[in-house]
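The values are calculated or read from the model by the stated rules, or taken from the named source; none is laboratory data. Quick caveat: nothing in here was measured; it's all calculated off a predicted structure. Neighbour counts are summed over all protein chains in view; Cβ atoms, including those assigned to glycine, are modelled from backbone coordinates with ideal geometry. To get the accessible areas, we keep the full protein, side chains included, count just its heavy atoms, and leave off ligands, DNA and RNA. Shrake-Rupley method; radii C 1.70, N 1.55, O 1.52, S 1.80 Å.
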Amino acid sequence: MTKVAIVGASGYTGGELVRLLKNHEKVEISAITSRKYDDTPIYKVHPNIRNSDLIFKDLEPNSLDADVVFTATPHGASMKIVPEILETGAKVIDLSGDYRFKDIATYEKWYEIEHTSPIKASYGLPEIYKKEIKKANLIANPGCFPTGAILANLPLSKEKLVERIIIDSKTGISGGGVIPSAAFHYPTCSDNVSPYKVTSHRHMPEIQQELGMYSNVKVSFTPHLVPVIRGILTTSHSFLEDESVSTEDLVKIYKKQYKDEIFVKILENGEIPQLNSVRGSNFAHIGCFEIDETGRLVIVSAIDNLVKGASGQAIHNMNLICRFKEDEGLNSYGLHP
């Protein structure tokens, strides 16, 4: 059995890691860490996880007994512990933003902190970097917004079909994390839609970095908070350079791009992805592919922000580096309704 540890397991992504890994036949959870909840049984923090003997421990990074370590820690915190964990010989899958950028200056600009331990990492989007992930010691799990946005627009950039993409994403409240705040207070969120960081969200340069690998496409991104618990629905708008390209052509291009990707499903015949079809799963649904009379192309993607947008994708990355089946522990459909 492969031993795995989860650093910072008391948050939503940590809880999802435990929930999913408990159904993984090839791993054993050797440790879950938390300073705040040291010596606390897991069900006291994650009440859905019963009949488990897991107990939170406040452990030093270099004392973890694990082959793979998930660092479900905030940006700025990961860079302080990842080097120590790597020195133990464990592989690390980091769920923060600390290692996602190829250019450290970009990270420091958008996250507004100094990066004190730059280490080369593989960007952990399996649909693009599968070969690199298999050989890497450090995986930078993508952000939740970038996962849905990049998958929805990757073929457009690769085929150089558009020059600009405007991305509008709606996210569930769990994306704000487990710590309560005024912005996520129920009376504020309920019956409301709130755009935020409309031109300055730190996930925008991450999307730009990955889509810009294939063409000179320019990306604009605006997130909105909506009153649902889970999910990200991304609507992408662009104008095709070649007006002769049809909806049918686009569906063929997307199906070819993702034909070997088990977790990406291309919806046909104008079907529009729904959040309640992917909730609780590691699937990304991409669809719509409509072109209006002005030539505007609309593509929609749906993911669960805590699974495909975080913990499920991290486990997919672990499966790759450990040479397990890609869908090991992840082969359940979404919850509907």
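Take the conditions (1) open to solvent by 10 Å² or more (accessible area, probe 1.4 Å); (2) farther than 14 Å from VAL264 by Cβ; (3) without any contact (Cβ under 8 Å) to a residue 60 or more places away in the chain; PRO337 misses just one of them, which is (3). Checking each residue in segment 281-299 for being within 30 Å of VAL178 (Cβ to Cβ) and open to solvent by 10 Å² or more (accessible area, probe 1.4 Å) picks out PHE283, HIS285. Residues that are touching a Leu at 6+ places or on another chain (Cβ under 8 Å) number at least 3 in the following strands (runs of 3 or more DSSP E) confined to segment 1-108: 2-7, 27-33, 91-94. Exactly one residue among GLY231, GLY177, GLY172 is surrounded by 20 or more Cβ atoms within 10 Å (Cβ to Cβ) and on the phi > 0 side of the Ramachandran plot, and that residue is GLY231.
Each row is one residue, and each column tells you yes or no for (1) modelled with pLDDT of 95 or more; (2) in a loop (DSSP other than H, G, I, E, B); (3) in contact with a helix residue (DSSP H, G or I) (Cβ under 8 Å, 6 or more places away or on another chain).
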site	(1), (2), (3)
ILE167	yes, no, yes
ILE179	no, yes, no
ASN192	yes, yes, no
VAL198	yes, yes, no
HIS201	yes, yes, yes
ASN216	yes, yes, no
HIS224	yes, no, no
ILE229	yes, yes, yes
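A search for C-beta distances below 7 Å between a residue of segment 265-279 that is under 12 Å from SER301 (Cα atoms) and touching a residue at least 60 places away in the same chain (Cβ under 8 Å) and any residue that is part of a strand (DSSP E or B) and not small (Gly, Ala, Ser), counting only pairs 6+ apart in sequence or on different chains, returns LEU275/LEU233.
Given the residues THR13, THR33, THR71, which is the only one that is in contact with a Phe, Trp or Tyr (Cβ under 9 Å, 6 or more places away or on another chain), under 20 Å from GLY124 (Cα atoms) and modelled with pLDDT of 95 or more?
THR13
From the residues in segment 86-95 that are surrounded by fewer than 22 Cβ atoms within 10 Å (Cβ to Cβ) and touching a residue at least 24 places away in the same chain (Cβ under 8 Å), which one is nearest to LYS158 (Cα to Cα)?
LYS91
Of the numbered criteria (1) more than 19 Å from CYS322 (Cβ to Cβ); (2) crowded, with 16+ Cβ neighbours inside 10 Å, the one VAL82 fails is (1). Can you tell me which residue is nearest to the chain's Cα centre (by Cα) among those in segment 4-44 that are among the charged types (D, E, K, R) and under 19 Å from LEU330 (Cβ atoms)? Step by step, filter segment 4-44, then rank; the result is GLU16. Restricting attention to segment 134-169, the residues that are within 30 Å of ALA9 (Cβ to Cβ) and open to solvent by less than 30 Å² (accessible area, probe 1.4 Å) total 16. Given the structure, is ILE113 over 23 Å from ASN282 (Cα atoms), β-branched (Val, Ile, Thr) and in a helix (DSSP H, G or I)? Judged against the criteria, ILE113 is not a match.
Residues that are loosely packed, with under 14 Cβ neighbours inside 10 Å and polar (S, T, N, Q) within segment 234-279 comprise SER244, SER246, ASN269, listed in sequence order. Is it the case that some residue within segment 101-112 is over 22 Å from ILE207 (Cα atoms), open to solvent by 60 Å² or more (accessible area, probe 1.4 Å) and of a type outside the set (S, T, N, Q)? No, segment 101-112 contains no residue that is over 22 Å from ILE207 (Cα atoms), open to solvent by 60 Å² or more (accessible area, probe 1.4 Å) and of a type outside the set (S, T, N, Q). Exactly one residue among THR222, THR199 is of a type in the set (Val, Ile, Thr), exposed (fewer than 15 other Cβ atoms within 10 Å of the Cβ) and more than 17 Å from ILE291 (Cβ to Cβ), and that residue is THR199. Of the residues making up segment 181-190, those that are outside any loop (DSSP other than H, G, I, E, B), open to solvent by 20 Å² or more (accessible area, probe 1.4 Å) and either in contact (Cβ under 8 Å) with a residue 40 or more places away in the chain or closer than 24 Å to THR13 by Cβ (or both) are ALA182, ALA183, PHE184, TYR186, THR188.
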